Amino acid sequence: MPTSALVSAVIETAANKILALDPDSVARMASLKGARLIAYVDPLPFAVVLVFSEQVDVLALHEPFQDTVATLNHKDCCIKTSLDTLPELKHINQLTRLIQQNKLQVEGELAVAQQVSGLFQQLDIDVEELLAAKTNDVVAHQAMSWFSAVKRKATGALSEFNKVASNALIEEKQIAAPKLAVLHFSDEVNALRDDAARLDARLLQLEQKSI
Amino acid sequence: MSDNHNNTSPTEASDAPTTHFGFKQVEKNQKASLVANVFDSVAAKYDVMNDLMSMGVHRLWKRFAIDCSGVRAGQKVLDIAGGTGDLTAKFSRLVGPTGNVTLADINLSMLKVGRDKLRDRGLVSNIDYVQADAEALPFPDNHFDVVTMAFGLRNVTEKQNALNSIYRVLKPGGRLLVLEFSKPTSEQLSKLYDTYSFHILPKMGQLVANDAESYQYLAESIRMHPDQETLKGMFETAGFDQCDYQNLTGGIVALHRGYKF
């Protein structure tokens, strides 16, 4: 079975299902019509191509990055990055930093990548509305209220657990160091590094004088 | 992908040139009409049977063929034996409003099912429907950027004529992709596949399409189709360059690719 076809099928189905949940995504996608975003994501052995029309079509591309770049047209954007860097691409203002750090390579129309990022980030999915369409308003509202309450309680319980665990580790068992001690230790390490650097520079000066 | 036939009558002691129709020998000039009968019969259940028989994997095989087509916006694509339009639907979106897709099939019933399906999906603006014989394509020379043929070549009487005809209509630089059943690469898979094809498939056809004989023919026609290397040689004979093939699902299906330079 062609694995790349399976991967692209899963991405395509997921992307279109998610976009369909927000009615406004149709309007946002209009500006992307005819555009292609080609992503080489290490360690995937193939590139993923998103082609925008009334929907998103996802293809797997088995060509090297340079060959693809040579055939880009004015509505194409080709990026090369790694799976680790992918979450950072959400922050468009970080793109320059990532490019400077060689974590991201961009060829073609950067605006396409920015618009695609925006398309998914601006998704506003009204889960209660969707649930109401399948059941009814009362059931949907009750379910969402119950879910919110459970979420709130779970968050509270998790926060409480963190506090208890932190106290136990730092104060009672003294397995972990308190935050202030870690900061103090870091400062001392920094000071030592500066002293070492100064001593190194002084030694170098002395060596040069003796010569 | 699925085949069918109604009341086939193999020729008896005739001097006319013959060809295979499944495991039977028929007169060459009969095969086209026999295959036409097959597809007239299965057109309505074609998609359902494909999903059932392949357990949905045919969608991945076709998707892989599209991935390998390299189709771009503005290009002209010919989908021969396009059947119910699985490939055409995707190509239509990929080539966009400035491109064009021609869905060609020798069988009018299949073409009608494909046309209705695509129109129901709102795909109308850049698709032409042409009833055409792959052996004598009614298109100008050097016309298409990409030609595809998925699960159609084995039903053509003179396969070499079809490849020659495709070569003629392709533009220089264009590519042909043929997706077709082939020979499994492992002996064990081959045995398993034979059991499935000759024992389970006809029963499935009987159950769903009320036609076991048709699906017996499907299994037979696959066995009569040239293997990977033979088909690659036929590509080269037609004039294609850089011919290669990729086995899918252990060689049950192979995707052959050739370029016209």
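The values are calculated or read from the model by the stated rules, or taken from the named source; none is laboratory data. Just so it is clear, the model here is predicted, and its values are computed rather than measured. Methodologically, a virtual Cβ is constructed for each residue, glycine included, from the backbone with ideal geometry; neighbour enumeration extends over all protein chains shown. What goes into the accessible areas is simple: the full protein's heavy atoms, side chains included, and nothing from ligands, DNA or RNA. Shrake-Rupley method; radii C 1.70, N 1.55, O 1.52, S 1.80 Å.
Just to be sure before I move on: is A:GLN55 over 17 Å from A:VAL106 (Cβ atoms) and open to solvent by 40 Å² or more (accessible area, probe 1.4 Å) in the structure I sent? Let's see the steps before the verdict.
On the way: over 17 Å from A:VAL106 (Cβ atoms): yes; open to solvent by 40 Å² or more (accessible area, probe 1.4 Å): yes.
Yes, satisfied.
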- Note on the structure: Restricting attention to the stretch B:120-135, the residues that are assigned to a loop (DSSP other than H, G, I, E, B), within 14 Å of another protein chain (Cβ to nearest Cβ) and open to solvent by less than 70 Å² (accessible area, probe 1.4 Å) number exactly 3
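Step by step: first the residues of the stretch B:168-193, then only those that are part of a helix (DSSP H, G or I) and touching a residue at least 24 places away in the same chain (Cβ under 8 Å), then the one that is surrounded by the most Cβ atoms within 10 Å (Cβ to Cβ). Which residue is that? Working first, answer last.
Step one: filter the stretch B:168-193 for residues part of a helix (DSSP H, G or I), giving B:168-169, B:187-193.
Within this subset, residues satisfying the condition of being touching a residue at least 24 places away in the same chain (Cβ under 8 Å) are B:168-169, B:189, B:193.
On the way: B:ARG168: 16, B:VAL169: 22, B:LEU189: 14, B:TYR193: 20.
Filtering the stretch B:168-193 for residues that are part of a helix (DSSP H, G or I) and touching a residue at least 24 places away in the same chain (Cβ under 8 Å), the one surrounded by the most Cβ atoms within 10 Å (Cβ to Cβ) comes out as B:VAL169.
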- Looking only at the stretch B:65-90, count how many residues are more than 15 Å from the chain's Cα centre (by Cα) and either within 14 Å of another protein chain (Cβ to nearest Cβ) or open to solvent by less than 10 Å² (accessible area, probe 1.4 Å) (or both). 12
- Report the residue count in the stretch A:100-122 for those that are over 28 Å from A:ALA20 (Cβ atoms) and surrounded by 14 or more Cβ atoms within 10 Å (Cβ to Cβ). 5
- Task: Report yes if some residue within the stretch A:58-69 is touching a Gly at 6+ places or on another chain (Cβ under 9 Å), farther than 26 Å from B:ARG59 by Cα and not charged (D, E, K, R); otherwise report no.
- Result: yes
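Would you check if B:ARG93 is facing chain A (nearest Cβ under 9 Å), assigned to a helix (DSSP H, G or I) and not small (Gly, Ala, Ser)? Before you say what the answer is, go through the steps one by one.
Values: facing chain A (nearest Cβ under 9 Å): yes; assigned to a helix (DSSP H, G or I): yes; not small (Gly, Ala, Ser): yes.
So B:ARG93 passes the test.
So which residues in the stretch A:173-204 are of a type in the set (S, T, N, Q) and open to solvent by less than 100 Å² (accessible area, probe 1.4 Å)? If you could, list the steps in order and put the result at the bottom.
Start the filter on the stretch A:173-204 by keeping residues that are of a type in the set (S, T, N, Q), which leaves A:174, A:186, A:190.
Scanning the stretch A:173-204 gives A:SER186, A:ASN190.
When the residues of the stretch A:86-96 are narrowed to those that are part of a helix (DSSP H, G or I) and open to solvent by 80 Å² or more (accessible area, probe 1.4 Å), which ends up farthest from B:ARG121 (Cα to Cα)? First the steps, then the outcome.
Of the stretch A:86-96, the ones part of a helix (DSSP H, G or I) are A:86-90, A:92-96.
Checking which are open to solvent by 80 Å² or more (accessible area, probe 1.4 Å) leaves us with A:90, A:93, A:96.
Numbers: A:LYS90: 33, A:ASN93: 39, A:THR96: 41 Å.
Checking each candidate, the answer is A:THR96.
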- Query: Looking at the stretch B:206-245, which of its residues are of a type in the set (Phe, Trp, Tyr) and in a helix (DSSP H, G or I)?
  - Reply: B:TYR215, B:TYR217, B:PHE235
- Any hit, the stretch A:123-137, residues being at pLDDT below 85, assigned to a helix (DSSP H, G or I), surrounded by 12 or more Cβ atoms within 10 Å (Cβ to Cβ) and touching a Lys or Arg at 6+ places or on another chain (Cβ under 9 Å): no
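Answer yes if at least one residue in the stretch A:169-188 is at positive phi and without any contact (Cβ under 8 Å) to a residue 60 or more places away in the chain, and no otherwise.
Taking the stretch A:169-188 and keeping what is at positive phi, we get A:174.
Within this subset, residues satisfying the condition of being without any contact (Cβ under 8 Å) to a residue 60 or more places away in the chain are A:174.
So far as the stretch A:169-188 goes, yes, one or more of its residues are at positive phi and without any contact (Cβ under 8 Å) to a residue 60 or more places away in the chain.
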- Could you please give the count of residues in the stretch A:59-85 that are open to solvent by 70 Å² or more (accessible area, probe 1.4 Å) and more than 14 Å from chain B (Cβ to nearest Cβ)? 4
- Look at the stretch A:42-57 and say how many of its residues are in contact with a strand residue (DSSP E or B) (Cβ under 6 Å, 6 or more places away or on another chain) and at pLDDT 90 or above. 8
- Message: It is to be established whether one or more residues within the stretch B:23-41 are at pLDDT 75 or above, surrounded by fewer than 24 Cβ atoms within 10 Å (Cβ to Cβ), more than 21 Å from B:ILE222 (Cβ to Cβ) and of a type in the set (Asp, Glu).
- Response: yes
- Task: Might you check whether a residue that is open to solvent by less than 60 Å² (accessible area, probe 1.4 Å) and of a type in the set (Val, Ile, Thr) occurs anywhere in the stretch A:143-163?
- Result: no
- the stretch A:1-50: number of residues that are within 9 Å of another protein chain (Cβ to nearest Cβ) and in a strand (DSSP E or B): 2
- So which of B:VAL113, B:VAL130 is closer than 28 Å to B:GLY74 by Cβ and of a type outside the set (D, E, K, R)? B:VAL130
- Message: Quick test for you: out of A:LYS134, A:LYS103, A:LYS90, pick the one residue that is more than 14 Å from every other protein chain (Cβ to nearest Cβ), more than 21 Å from the chain's Cα centre (by Cα), of a type in the set (D, E, K, R) and over 30 Å from B:LEU87 (Cβ atoms).
- Response: A:LYS134
- Given B:SER109, B:SER165, which one is modelled with pLDDT under 90, surrounded by fewer than 24 Cβ atoms within 10 Å (Cβ to Cβ) and among the hydroxyl-bearing types (Ser, Thr, Tyr)? B:SER109
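In the set B:ASP133, B:ASP128, B:ASP145, which member is on the phi < 0 side of the Ramachandran plot and without any contact (Cβ under 8 Å) to a residue 40 or more places away in the chain?
Every option except B:ASP128 fails the conditions.
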- Scanning the stretch A:55-80 residue by residue, those in a loop (DSSP other than H, G, I, E, B), of a type outside the set (S, T, N, Q) and in contact (Cβ under 8 Å) with a residue 24 or more places away in the chain turn out to be A:HIS62, A:LEU72, A:HIS74, A:LYS75
